[in-house]
Every structure is written in structure tokens, then in C-alpha cells.
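Read the structure below first, then the notes.
A short reminder: the numbers here are calculations on the coordinates, not readings from a lab. Being a predicted model, the structure only gives us computed values, none of them experimental. Please note: Cβ atoms are built from the backbone with ideal geometry, for glycine as well, and neighbour counts cover all protein chains shown.
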């Protein structure tokens with residue numbers, strides 16, 4: 001039996017203006033149970049405003065905002081969420097355990113302290129004063145505070161800023177574990193690799209509207225390009241004239257060819273130059289897709 | 001996918017917050033707020049040192065010759081002076097800082113029960129006020145040999161702990177107007193002139209008569225009258241003073257709460 005996808009939070013036609021600036025311009029966004037959604041967009045695209053509306057920190061000028069079917073300012077709705085904000089200075093004279101116990105006290109059925117500490121990987125920090133921790137450790141404590149209430153929906157705003165690669169991978173593992181338990185996650189991030197590694201669904205915002213909404217796979221396939229790189233003596237200008245080749249350039253002794261038909265072009269390259277070596281074929285990643293989508297948008301608005 | 005299905009089926013009732021846990025949340029918040037400041041010497045030391053040093057110097061050392069009644073009078077004056085600072089600074093400086101550094105935003109996003117944040121700060125200010133009054137009482141009795149009865153000491157303590165509240169409201173109002181680093185300066189501009197103008201440093205009778213007439217504007221002059229009465233000086237009825245103090249507390253409290261809700 002298939003369970004219908006349950007919507008747990010939504011923005012419908014949400015408009016938010018700050019003076020003359022329109023931060024959200026009729027945004028529609030649905031969050032589904034158990035889903036990890038990455039919210040991407042250039043600075044000023046409206047990501048933070050969208051999250052602030054869902055958290056009840058600001059009110060929409062128009063449109064509807066719903067969190068578990070209620071107004072986000074209703075405390076009963078917020079008892080089902082966990083929050084990690086981009087910047088929050090926590091009381092430095094409290095210990096990590098005291099900070100966690102305080103946050104746990106806000107929730108009806110929180111995790112135990114050892115469980116929370118284990119999930120966030122901060123078991124060794126519990127007795128330490130918060131002010132004495134490194135930036136990366138403080139972020140992990142903030143993450144622990146976000147998950148300690150056993151939330152059904154977790155908001156993570158740029159969670160891995162200031163973390164080294166090892167800490168970042170550990171946090172990703174913890175996020176996956178939480179999603180596997182059925183918790184939905186909304187993630188904003190500047191690291192596209194982070195969205196690529198974690199997200200089931202990616203929503204790209206620009207100028208307060210949704211530009212693209214779909215799976216990581218679907219987003220990537222909007223950019224059908226692949227990039228072929230190899231060492232070869234072939235003339236780049238001549239290859240650029242081949243059918244289905246978008247561009248071909250020579251860079252630092254390597255030939256770089258962009259195409260939508262990688263297989264056919266590779267075959268022809270190998271035929272043309274038997275001495276060709278160090279062949280690489282790269283699919284366009286999320287970064288290329290993201291750049292492509294936001295560029296399309298800005299060129300459209302300029303034309304309009 | 002089992003977990004997701006189970007969670008969907010989870011009954012609404014099990015997510016409801018039992019009253020005992022709501023009370024627990026208030027309690028934990030108040031406890032954290034107190035511990036947090038008691039461990040911060042940058043806050044506690046000035047709050048305790050200024051009134052006690054002043055009382056020692058200008059009271060016990062310089063005014064001993066004028067007899068125990070002078071020291072009794074100054075106990076009330078420096079008591080009020082000492083009680084104002086945890087109210088004004090404890091509330092104002094921390095609120096201004098926390099509006100700036102994201103802590104208040106996080107607390108508003110978390111399901112913290114309404115008002116727990118402010119209640120915590122209020123309790124912290126009351127505790128700090130109690131510590132100041134007890135230190136001053138110990139000095140007055142121990143070093144100044146002022147005869148203070150148990151009842152008088154108790155009344156002065158209650159006056160200090162409740163008297164801090166209008167200054168909490170005033171500090172909170174300033175904290176909602178100023179953000180971040182600017183708050184201590186603005187609060188000192190309120191604190192020091194107000195202390196002087198309401199006769200906490202120099203008795204009112206020695207100030208120019210124009211300033212004497214202005215004194216009832218300042219909340220600290222009303223608290224001073226109540227504190228003098230508590231310690232056994234003065235026969236004037238204190239009903240009006242209490243009403244003014246309560247009114248100031250409610251007025252600034254409501255103004256600040258409204259601003260806090262609107263602009264955060």
C-alpha cells in the first residue's frame with residue numbers, strides 16, 4: 001500500500017517586502033514528510049526569508065504560511081521542529097550539557113542526553129564550557145541542540161560553515177541517520193557538493209521565486225552537457241566545428257570539449273588521434289547546473 | 001520507510017506537552033539564566049563592588065562620626081543604588097547583545113515557552129539584588145555597628161528584590177531601543193545621573209531646590225523613600241511611592257514587550 005506524500009509545511013504565494021526590496025515574490029514551497037530538501041540560491045535570493053517565515057520569525061505580507069497545519073507562531077507547531085541557525089552566539093559560561101538540557105526542556109519527548117551527544121558526535125564535549133570550544137565544535141553543539149528534541153522537521157541553515165572536511169562528513173552521516181529515522185530536513189548551503197551528497201530534492205530560488213524544483217538528478221539533467229578532457233595534438237578550432245560540439249578549447253596543453261553527445265564525440269576523437277591520452281569524461285555537476293539555471297534567469301530578466 | 005509510516009500514525013496526544021514539562025522548561029530556563037550570570041565575573045563584580053565600595057568609603061569610613069543614623073540612611077541610599085544596576089544592566093545590556101548576536105532569534109524559533117526568557121532574566125536580577133543588599137547589611141551591622149533588627153533587614157531585602165523590577169522594565173525598554181555594544185553607554189547615561197538626581201549620593205536636602213522639585217520624576221527617588229521606611233527612617237506613608245514604582249514597571253514593561261514582539 002502506497003502512503004500518500006504528506007505535506008508538513010508550506011508556503012503558498014508568500015510575499016515579503018523589506019521597504020522597497022521584495023525578498024519573496026509569491027513563493028510556493030511544500031515540504032514533505034521524511035524528505036531532505038536543499039534550498040539553494042545566490043545571496044539575496046530569499047532563502048533566509050523563506051526559512052524565517054516557516055519558523056514564525058517574520059510574518060508574510062501576503063500569502064499563507066503553514067507548519068504542521070498551524071501558524072508557525074503556534075508553539076505546538078514549533079515543538080515538532082529543530083533549528084540550527086546560521087549565526088547564534090550561545091551563553092559561553094554554560095556547559096554543553098547545560099545548554100542541551102535547557103533545549104531539551106522545551107520539547108515534549110526529547111532524546112536522552114547520551115543519545116543526542118552520540119548522534120552529534122560531541123560525547124567528549126559535554127562537560128566543557130561553550131566559550132572554550134572551537135568554531136567547528138560550537139557548530140556541532142548547535143547541531144546537537146537542533147536534533148535533541150526528536151523533531152519531525154529540522155531546519156539547518158548553512159550547518160557546515162567553519163567545519164573541516166572530516167567534521168563535515170561526520171555531520172553529513174548524522175543528517176542521513178536522522179532522515180533515515182523519518183525526520184524531514186530543510187538545508188540551506190553554499191556548498192553544492194553538500195546538496196549533491198545529501199538532498200533528495202533541490203529547490204533553486206532567485207529573486208524570491210522558485211526557479212527549479214526537482215531531484216538532484218533532474219536538476220543535473222537540465223544541463224545535458226558533458227566535458228571531455230584529454231591530451232591530444234588535434235586542433236581545437238576544428239573540433240569546435242564538429243556537429244553537437246558546444247565548444248572546444250585548449251587549456252594548459254589539454255584539449256577541453258563540451259558536448260551533449262559525449263559518446264559520439266569521444267569515438268570520433270579517438271579515431272582522429274590514435275595517440276590521444278589521459279582521456280576524462282565529466283558529467284555536468286550540480287555546480288554547472290546551478291550556474292546555468294541562474295544565468296538563464298538573469299539573461300531573461302535583462303532581455304525583458 | 002517503516003519509521004515514516006509509524007510517525008504518520010503517531011497519535012496527536014503523544015506530541016502534546018504535559019503541564020509538568022512546561023513548568024520544567026520555565027524552571028530550567030530560569031536556572032540557566034542565573035547560573036550563566038553568576039559565573040560571569042564581568043557582570044557580577046561591578047554589580048557587587050560599586051555599591052559596597054561606595055558604602056565603605058563614603059559611609060563607614062567618612063560618615064562614622066555622624067553616628068549610626070547617617071550610616072542607616074546611607075544603607076538605604078547605596079542599597080537602592082546597588083539594586084538599580086542588576087535591573088538596568090542585567091536586562092538592558094544582555095537583551096541588547098542578544099538581539100544583536102542571534103540568541104534571541106534562536107530562542108524565538110525554538111519552542112521556548114512564552115516569557116520564559118524574560119522571567120529568567122527577572123529572577124537573575126532579583127537574586128543579584130538580594131546579594132547586594134545582604135552584603136550591604138553585613139557591612140552596616142559588622143563594620144558600621146548600625147543596629148538593624150531582623151524585621152528591618154527582611155523588609156530591606158524584600159524592598160531590594162521587588163524594587164529591582166521597575167528597573168528591569170526600564171533596562172528592557174532601553175535594550176529594545178539600542179542594539180549590541182551601544183547599550184552600556186546609554187544605560188550609564190540613565191543610571192548615574194538618575195542616582196545623583198534622586199539623592200542617592202548626596203542627600204536630596206543638600207541639592208538645589210530646583211533639583212529637589214524634580215526628584216519625584218525619577219523612579220529611584222521613590223524606591224529610596226520605600227527603602228528608608230523599611231530600615232526604620234521616616235514616617236511618611238509609602239503607598240504613593242509603591243504605586244508609582246508599580247506603574248513605571250508596568251508602563252516600560254508593556255512598551256518593551258510590544259517593541260520586542262514587533263521588531264524582535
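Determine, for A:292, A:278, the number of other Cβ atoms within 10 Å of each Cβ, and report the residues in order from fewest to most. Can you show the working numbers first?
Details: A:292 15, A:278 9.
The fewest-first ordering by Cβ neighbours comes to A:278, A:292.
Out of B:174, B:158, B:22, any idea which swings most in a Gaussian network model of chain B, alpha carbons joined below 10 Å? Comparing B:174, B:158, B:22 in a Gaussian network model of chain B, the most mobile one is B:22.
Given R₀ = 25 Å, what would the calculated FRET efficiency be for residue A:197 paired with residue A:254, taking r from the Cβ atoms and rounding to 0.05? Please report the intermediate quantities before stating the final value.
Values: r = 28 Å, r/R0 = 1.11.
After rounding to 0.05, the efficiency reads 0.35.
Across the range A:73-113, the residues whose backbone nitrogen lies under 16 Å from the label position 7 Å along the beta-carbon direction of residue B:38 are A:93-95, A:98-99. The ranking of B:252, B:91 from fewest to most other beta carbons within 10 Å of each one's beta carbon is B:252, B:91. Helix A:262-272 and the longest principal axis of the C-alpha atoms of chain A enclose an angle of approximately 30°. The modelled label-to-label distance for the pair residue B:205/residue B:258, using points 7 Å beyond Cα in the direction of Cβ, is 4.2 nm.
What FRET efficiency, computed as 1/(1 + (r/R0)^6) with R0 = 25 Å and r the Cβ-Cβ distance, is obtained for residue B:22 and residue A:73, rounded to the nearest 0.05?
Approximately 0.90, to the nearest 0.05.
From the P(r) of the protein assembly as shown, could you give the percentage of C-alpha pairs in the tail past 40 Å?
On the way: 70192 of 161028 pairs.
I get 44 percent for the Cα pairs in the protein assembly as shown exceeding 40 Å.
Could you work out, residue by residue across B:28-40, how many beta carbons of other chains sit within 10 Å of that residue's beta carbon, and then give the average as an integer? Intermediate results must be reported in sequence, preceding the final value.
Numbers: counts 7, 3, 0, 4, 9, 3, 0, 5, 9, 2, 1, 6, 4.
Per-residue shielding by partner chains comes out at 4.
Applying 1/(1 + (r/R0)^6) with R0 = 35 Å to the Cβ-Cβ distance of residue A:233 and residue A:283, what FRET efficiency is obtained, to the nearest 0.05? Can you show the working numbers first?
Working: r = 26 Å, r/R0 = 0.75.
The formula returns an efficiency of 0.85 here.
Compared with the dominant Cα axis of chain A, that is its longest principal axis, helix A:165-180 is turned about 70°. Using just the helices of chain A, give the 222 nm mean residue ellipticity in deg cm²/dmol: DSSP H runs with n ≥ 4 each add -39,500 (n - 2.57), and the total is spread over all residues, rounded to 500. My calculation for chain A gives -10000 deg cm²/dmol from helical runs alone.
Taking the fewest neighbouring Cβ atoms within 10 Å as the starting point, the ordered list for A:295, B:108, A:283 is A:295, A:283, B:108. Averaged over the residues of A:82-88, the number of partner chain Cβ atoms lying within 10 Å of the residue Cβ comes to 5.
The C-alpha atoms of chain B define a longest principal axis, and helix B:183-197 lies at about 30 degrees to it. Counting, for every residue in B:97-110, the Cβ atoms of other protein chains within 10 Å of its Cβ and taking the mean gives 6.
Using a simple spin-label model with pseudo-atoms 7 Å out from Cα toward Cβ, residue A:161 and residue A:241 lie 5.1 nm apart. Mean-square fluctuations from a GNM of chain A, with a 10 angstrom spring cutoff on Cα atoms, peak among A:248, A:275, A:240 at A:275. Here the spin labels are modelled as points 7 Å beyond Cα on the Cα-Cβ line, and at residue A:86 and residue B:49 they lie 3.9 nm apart.
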